[in-house]
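Got a structure for you, questions after.
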Amino acid sequence: QLVYPYDFRLTEKEKTSICYLSFPDSYSGGLGDTQFSFRLRQSGGQRTTHYEDDGEYNREAPLTLQRESAYYFGYVYFRQVKDSSMKRGYFQKSLVLVSRLPYVNLFQSLLQLIAPEYFDKLEPCLEAVCNEIDQWPPPVPGQTLNLPVMGVVIQVRIPSRVDKPGSSPVKQFNQENLLPAPLVLPSIHELDLFRCFQPVLIHIQMLWELMLLGEPIVVMAPSPTVSSEMVLALTSCLAPLRYCCDYRPYFTIHDSEFKEYTTRTQAPPNIVVGVTNPFFIKTLQHWPHILRVGELRMSGDLPKQVKVKKLAKLKTLDTKPGKSFRIYTSYKTFLHKDKTLIKRLLKGIQRKRPSEVQSALLRRHLLELTQSFIIPLEHYIASLMPLQRAITPWKNPPQIRPFRQEDFMKTLEHAGPQLTCVLKGDWLGLYRRFFKSANFDGWYRQRHKEMTQKLEALHLEAICEANIVAWMKDKSEVEIVDLVLKLREKLVRARCQHLPVKEETLQRVGLYIDTIIGSLPEDLQTVLHHH
């Protein structure tokens, strides 16, 4: 009915998708307000964003919180109440916030403030809110922001890539005597992991492996709220490693990719998809891993632990989404379960330990598991970097050596995950399978790009240290002009790619270029200045 601000361009296809994704697509008798999220592939090519600082934000933000260029996130507040004046007898409406940022807690908290007002006062309310949001500072990683909206100040800290992984966000912000006292969000994006995973605790190891390997997973849930929370919890359990496959926290039968996901003619795509419509039980039963989820409740009782069933059993699935959880898969884990963790968490349930403490334990465990897995890879890839003494000013910097899987495997005997992780199992098999996944590909590309930029930076520094006049003595004009053009290109690249180089180094290279040009005959100087 309404898009605000008016100048926000969406294609017709995107508008239609957003409409379908903004409502529960299976009968939910529940009245009242619900919130959930979705993720939508952008259609109609790249559009320029409002943000020219994308590059800067993405360089400083954790990989898991980068702004997406080809996807939108939708954060939904849906209201369904009885209303006899409506044709259907119900008032049903959704307010959706669309963003490229995965700040699920911030945006859902914002909607809790705005949506009830909007349903009451309609468009003028949105106009007032957007005027306030326009004044907000941009999200700068590492900063704590105070965001005023509708008489409340939301206070959040934007995480940064240099934060120590696993360190808890600073609890006590400088309050600066804010009146009214701010609404402090402990995290901009972290979910209550324990509440999401409580029913499947004993299989947390398996879920982590499936996510690490980028396996196709369907989450069948009773509502979009449960499906989107579960999918987001799954994608977050690899942090600080970025989950590089596609994921849809909530997916409907009207989606343009529906055919692609349900076809039997090719293997299911490597994606985690959350669904609620019972129709999917039939159309997705050929997927290799299916998680049936009941309502997520924080119960004080011990969760009845879930059995893993073979996929063949799925055909007899009752189509009523029950309260129970089931995992259908024939996957065999590479690593053994961590019984100590499960015992600690179960003891926490008995002692009625607060959910955020349980979540912190769980998040810590997953972080340590991911780090144990990734550290050997980080050590090996660092060894592929050329030695610093091999970088000389007048030659192109040497290449990064290729990543050889077998060489990496050999390093595991004395520097493998067993040094930091007590879990036993087939780590080698897990690495071999990981090498075939999009997560390895994404990790490797990111590291390779960072190393290439570091080499460029070291090369520029080597040029700065060099004696350029001595080098020029026995060189022809052609060689000198060639050097000027190469140095210029390096300088432009360093600025465009924001290479990790000190500003003074770049200025010195600029001076070098001017010095060299100054030593050439006048006609050449003119040409080079125009060039």
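Return the total of residues in the stretch 352-382 being open to solvent by 60 Å² or more (accessible area, probe 1.4 Å) and either in contact with an Asp or Glu (Cβ under 6 Å, 6 or more places away or on another chain) or without any contact (Cβ under 8 Å) to a residue 40 or more places away in the chain (or both).
Qualifying residue count for the region: 5.
Further, regarding this structure: Can you pull out every residue in the stretch 482-521 that is under 20 Å from ASN467 (Cα atoms) and under 30 Å from the mean Cα position of the chain (by Cα)?
Across the stretch 482-521, the qualifying residues are VAL501, LYS502.
Moving on to the next point. Just to verify a result, which residue in the stretch 445-464, among those that are charged (D, E, K, R) and within 17 Å of ARG401 (Cα to Cα), is least open to solvent (accessible area, probe 1.4 Å)? Break it down stepwise before answering.
First, the residues of the stretch 445-464 that are charged (D, E, K, R): 445, 447, 449-450, 454, 456, 461.
Those left that are additionally within 17 Å of ARG401 (Cα to Cα): 445, 447, 449-450, 454, 456.
On the way: ARG445: 155, ARG447: 52, LYS449: 119, GLU450: 70, LYS454: 100, GLU456: 27 Å².
It comes out as GLU456.
Assigned by the TED database to the domain that holds MET211, assigned to a helix (DSSP H, G or I), under 27 Å from LEU210 (Cβ atoms) and at pLDDT below 85 - does that describe any residue in the stretch 418-430?
Checking the stretch 418-430: at least one residue is assigned by the TED database to the domain that holds MET211, assigned to a helix (DSSP H, G or I), under 27 Å from LEU210 (Cβ atoms) and at pLDDT below 85.
If I go through the stretch 470-489 residue by residue, how many of them are without any contact (Cβ under 8 Å) to a residue 40 or more places away in the chain, assigned to a helix (DSSP H, G or I) and surrounded by fewer than 12 Cβ atoms within 10 Å (Cβ to Cβ)?
Qualifying residue count, the stretch 470-489: 3.
Return yes when GLU117 is touching a Cys at 6+ places or on another chain (Cβ under 6 Å), among the charged types (D, E, K, R) and surrounded by fewer than 18 Cβ atoms within 10 Å (Cβ to Cβ) and no when it is not.
Details: touching a Cys at 6+ places or on another chain (Cβ under 6 Å): yes; among the charged types (D, E, K, R): yes; surrounded by fewer than 18 Cβ atoms within 10 Å (Cβ to Cβ): yes.
The answer is yes for GLU117.
Are any residues in the stretch 397-431 of a type in the set (Phe, Trp, Tyr) and more than 30 Å from LEU487 (Cα to Cα), and if so, which ones?
Going through the stretch 397-431, the residues of a type in the set (Phe, Trp, Tyr) turn out to be 403, 408, 427, 431.
Scanning the stretch 397-431 gives PHE408, TRP427, TYR431.
Collect the residues in the stretch 390-444 that are over 21 Å from LEU366 (Cβ atoms) and either open to solvent by 90 Å² or more (accessible area, probe 1.4 Å) or without any contact (Cβ under 8 Å) to a residue 12 or more places away in the chain (or both), keeping them in residue-number order.
Answer for the stretch 390-444, where residues must be over 21 Å from LEU366 (Cβ atoms) and either open to solvent by 90 Å² or more (accessible area, probe 1.4 Å) or without any contact (Cβ under 8 Å) to a residue 12 or more places away in the chain (or both): ALA390, LYS395, ASN396, GLN399, ARG401, ARG404, GLU406, LYS410, GLU413, HIS414, ARG432, LYS436.
Looking at the stretch 4-33, I want the residues that are at pLDDT 90 or above and have a partner that is of a type in the set (Asp, Glu) and in a loop (DSSP other than H, G, I, E, B) with Cβ atoms under 8 Å, at least 6 apart or on another chain. Which pairs are those?
Partner pairs satisfying both residue conditions: SER17/ASP255; TYR20/ASP255; LEU21/ASP255.
Quick check on the stretch 315-322. Is at least one of its residues of a type outside the set (Asp, Glu), open to solvent by 20 Å² or more (accessible area, probe 1.4 Å), more than 23 Å from PHE435 (Cα to Cα) and modelled with pLDDT of 85 or more? Break it down into steps so the answer makes sense when it comes.
Kept after step one, since they are of a type outside the set (Asp, Glu), are these residues of the stretch 315-322: 315-317, 319-322.
Within this subset, residues satisfying the condition of being open to solvent by 20 Å² or more (accessible area, probe 1.4 Å) are 315-317, 319-322.
Within this subset, residues satisfying the condition of being more than 23 Å from PHE435 (Cα to Cα) are 315-317, 319-322.
Now narrow it down to the ones that are modelled with pLDDT of 85 or more: none.
No: the stretch 315-322 contains no residue that is of a type outside the set (Asp, Glu), open to solvent by 20 Å² or more (accessible area, probe 1.4 Å), more than 23 Å from PHE435 (Cα to Cα) and modelled with pLDDT of 85 or more.
Within the stretch 84-105, take every residue that is within 21 Å of PRO224 (Cβ to Cβ) and assigned to a loop (DSSP other than H, G, I, E, B) and give me the one that is most open to solvent (accessible area, probe 1.4 Å). Walk me through how you get there before you give the answer.
To start, the set of residues in the stretch 84-105 that are within 21 Å of PRO224 (Cβ to Cβ) comprises 88, 90-105.
This time we only want the ones that are assigned to a loop (DSSP other than H, G, I, E, B), so: 88, 100-103.
Details: ARG88: 186, ARG100: 24, LEU101: 14, PRO102: 22, TYR103: 5 Å².
Looking at the filtered set, the residue picked out is ARG88.
The values are calculated or read from the model by the stated rules, or taken from the named source; none is laboratory data. Only a predicted model underlies this, so the values are computations on that prediction, with no experimental measurement involved. Note: ideal-geometry Cβ built from the backbone for every residue, glycine included; neighbour counts use all protein chains shown. Side chains are part of the model used for accessible areas, which takes the heavy atoms of the whole protein and leaves out ligands, DNA and RNA. Shrake-Rupley method; radii C 1.70, N 1.55, O 1.52, S 1.80 Å.
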